[in-house]
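Read-outs: derived from the displayed coordinates by stated rules, not from any lab. Remember, predicted model here, so these are calculated numbers, not experimental data. All Cβ positions, glycine included, derive from the backbone under ideal geometry; neighbour counts span all protein chains shown.
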Amino acid sequence: MRLSADDLLCLARAYSECVGISLITTGVRAAGNDKIFVRLATGRTCTVRSLERAAKWFACNWPPSLDWPEGIPRPEAATGCSGRAA
């Protein structure tokens, strides 16, 4: 299952707010890309590879205290994921 860019931006905003970091820092953590969520927020695009990497990261690192946003399918966590928020 592939999440849309809008879905991932919603996840990034929720995660960023919950842990108290910027979208830039979330991008570095989730996709190794400091501009991914800033680009998406301004209506630009990114690679499918970056989107998939971020989706897997969120599945593995979603804070237990934060509900997964309704209406966004939760990807399966990657094999070997620690399940702890980074």
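Unpaired Cys in the chain, meaning no second Cys C-beta under 4.7 Å: C10, C18, C46. Between S4 and E17, the contour length at 0.36 nm per residue exceeds the Cα-Cα span by 2.7 nm.
Sort out the exposed loop trypsin sites (Lys or Arg not before Pro) in the chain (DSSP loop, at most 12 other Cβ within 10 Å) and tell me the longest stretch that has none.
Values: sites that count: R2, R44, R84.
In the chain, the maximal stretch lacking such sites is 3-43.
Please give the calculated 222 nm ellipticity per residue for the chain, where each DSSP H segment of at least 4 residues contributes -39500 (n - 2.57) and the sum is spread over every residue; nearest 500 deg cm²/dmol? List each step's numbers first, then the result.
Working: 4 runs with 44 residues, N = 86.
Roughly -15500 deg cm²/dmol at 222 nm, from the helical runs in the chain.
Simple spin-label estimate for T47 and I24 gives 2.2 nm between the two label positions (7 Å along the Cα-to-Cβ direction from each Cα). Dipole check for the chain: with +1 at the C-beta of Lys and Arg, -1 at the C-beta of Asp and Glu, and the Cα centre as origin, the magnitude is about 340 Debye.
Taken as entire DSSP H runs, the helices of the chain that both span 18 Å or more between Cα atoms along their own long axis and average -1.0 or more on the Kyte-Doolittle scale are 5-19, 48-61.
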